[in-house]
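K.L.:
Below is the structure I would like to discuss, written out as structure tokens.
The values are calculated or read from the model by the stated rules, or taken from the named source; none is laboratory data. If you're wondering where the values come from, they're calculated on a predicted model, not measured in any experiment. Cβ placement follows ideal geometry from the backbone for every residue including glycine, while neighbour counts extend to all protein chains displayed.
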């Protein structure tokens, strides 16, 4: 069964610190890896995404690192702020075979203390 | 720009009552549409997805059904609600062009069954 394993389940970071969330996948056919950010009472919103032809993508304070050989990818939040406190989901999907269904990780609840 | 609307935002229903949740997308055509359920503090469980009008795929057998009467309208229904149907219901859409596309979520419906 296709799975995306996400860790940690919860994370507490001090303001200004680095938050790191990791995901591992099994299916080598996955070729699109987005991260979503969800605030309480809201739907998840796309934060940043990467394709396996690059090893890193950075947007502001958010960076995805991708290790194709290890089948792992991670989200790094630099200079974490209280406003970053949210639940983060990684996901993976494939473009072949007509599948439109992403596989989501179970989520990480991030709390950034001021 | 594209927008997705879900309503109602909150709903309290007695056990055994019917359910109808509606989702509409604006600003795009022929989207893929999805219904997810999210239990408190948990991940995203895919319930149904649709690649076109009248085309519905069910991921989890249960007390719910979905319909897509129009291109940008997706409806989640139940004839008789169970206590276990409580949760946060999210509608999402994605495009089909050029392989994988991110999902765009609505702000959800909080459903409580009494």
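K.L.:
Could you go through the stretch B:53-61 and let me know if any residue there is touching a strand residue (DSSP E or B) at 6+ places or on another chain (Cβ under 8 Å), buried (at least 20 other Cβ atoms within 10 Å of the Cβ) and over 16 Å from residue B:28 (Cα atoms). Even if it seems obvious, please write down each step before you answer.
P.N.:
First pass over the stretch B:53-61, keeping only residues touching a strand residue (DSSP E or B) at 6+ places or on another chain (Cβ under 8 Å): B:53-60.
With buried (at least 20 other Cβ atoms within 10 Å of the Cβ) added as a condition, the list becomes none.
Checked the stretch B:53-61: no residue is touching a strand residue (DSSP E or B) at 6+ places or on another chain (Cβ under 8 Å), buried (at least 20 other Cβ atoms within 10 Å of the Cβ) and over 16 Å from residue B:28 (Cα atoms).
K.L.:
Further question: In the stretch A:30-74, which strands (runs of 3 or more DSSP E) lie fully inside it and hold 1 or more residues that are more than 8 Å from chain B (Cβ to nearest Cβ) and more than 28 Å from residue B:41 (Cβ to Cβ)?
P.N.:
Working: elements: A:33-38, A:45-50, A:56-59, A:62-67.
Counting at least 1 such residues, we get A:56-59, A:62-67.
K.L.:
Okay, moving on. Filter the stretch A:87-110 down to the residues that are in contact (Cβ under 8 Å) with a residue 40 or more places away in the chain and either more than 13 Å from chain B (Cβ to nearest Cβ) or in a loop (DSSP other than H, G, I, E, B) (or both), then identify the one that is farthest from residue B:35 (Cα to Cα).
P.N.:
Going residue by residue through the stretch A:87-110, those that are in contact (Cβ under 8 Å) with a residue 40 or more places away in the chain are A:87-97, A:102-110.
So of that shortlist, the ones also either more than 13 Å from chain B (Cβ to nearest Cβ) or in a loop (DSSP other than H, G, I, E, B) (or both) come out as A:94-95, A:102, A:105-107, A:110.
Working: A:94: 19, A:95: 20, A:102: 13, A:105: 17, A:106: 17, A:107: 18, A:110: 25 Å.
Among those residues, the one meeting the criterion is A:110.
K.L.:
Restricting to the stretch B:29-63, give me the number of residues that are touching a residue at least 24 places away in the same chain (Cβ under 8 Å), more than 29 Å from residue A:9 (Cα to Cα) and part of a loop (DSSP other than H, G, I, E, B).
P.N.:
Of the residues in that region, 3 qualify.
K.L.:
While we're here: What is the number of the single condition among (1) at pLDDT 95 or above; (2) outside any strand (DSSP E or B); (3) in contact with a strand residue (DSSP E or B) (Cβ under 6 Å, 6 or more places away or on another chain) that residue A:83 does not meet?
P.N.:
Going through the list (1) at pLDDT 95 or above; (2) outside any strand (DSSP E or B); (3) in contact with a strand residue (DSSP E or B) (Cβ under 6 Å, 6 or more places away or on another chain), residue A:83 breaks only (3).
K.L.:
Next up: Return a yes/no flag: does the stretch B:83-100 have any residue that is touching a strand residue (DSSP E or B) at 6+ places or on another chain (Cβ under 6 Å), more than 24 Å from residue A:36 (Cα to Cα), more than 11 Å from chain A (Cβ to nearest Cβ) and in contact (Cβ under 8 Å) with a residue 24 or more places away in the chain.
P.N.:
Our first condition is that a residue be touching a strand residue (DSSP E or B) at 6+ places or on another chain (Cβ under 6 Å); within the stretch B:83-100, this holds for B:83, B:85-94, B:100.
The next check asks that each one be more than 24 Å from residue A:36 (Cα to Cα); those that pass are B:83, B:85.
Next cut, more than 11 Å from chain A (Cβ to nearest Cβ) only: B:83, B:85.
Filter again for in contact (Cβ under 8 Å) with a residue 24 or more places away in the chain, leaving B:83, B:85.
For the stretch B:83-100, residues touching a strand residue (DSSP E or B) at 6+ places or on another chain (Cβ under 6 Å), more than 24 Å from residue A:36 (Cα to Cα), more than 11 Å from chain A (Cβ to nearest Cβ) and in contact (Cβ under 8 Å) with a residue 24 or more places away in the chain: present.
K.L.:
Moving on to the next point. When the residues of the stretch B:8-26 are filtered to those that are part of a loop (DSSP other than H, G, I, E, B) and closer than 15 Å to residue B:91 by Cβ, which remaining residue is farthest from the other protein chains (Cβ to nearest Cβ)?
P.N.:
Keep residues of the stretch B:8-26 that are part of a loop (DSSP other than H, G, I, E, B), which gives B:8-9, B:14-18.
Then drop every residue that is not closer than 15 Å to residue B:91 by Cβ, which leaves B:8-9.
Details: B:8: 14, B:9: 9 Å.
Top of the filtered list is B:8.
K.L.:
Checking residue B:107 against (1) within 14 Å of chain A (Cβ to nearest Cβ); (2) surrounded by fewer than 21 Cβ atoms within 10 Å (Cβ to Cβ); (3) outside any loop (DSSP other than H, G, I, E, B), which single condition isn't satisfied?
P.N.:
The one condition residue B:107 does not meet is (3).
K.L.:
Can you give me the number of residues within the stretch A:3-22 that are more than 12 Å from chain B (Cβ to nearest Cβ) and either under 21 Å from residue B:42 (Cβ atoms) or modelled with pLDDT under 95 (or both)? Explain how you work it out, then say what you get.
P.N.:
Within the stretch A:3-22, the first condition is being more than 12 Å from chain B (Cβ to nearest Cβ), and the residues that meet it are A:7-8, A:11-22.
Keeping just the survivors that are either under 21 Å from residue B:42 (Cβ atoms) or modelled with pLDDT under 95 (or both) gives A:7-8, A:11-12, A:19, A:21-22.
Qualifying residue count, the stretch A:3-22: 7.
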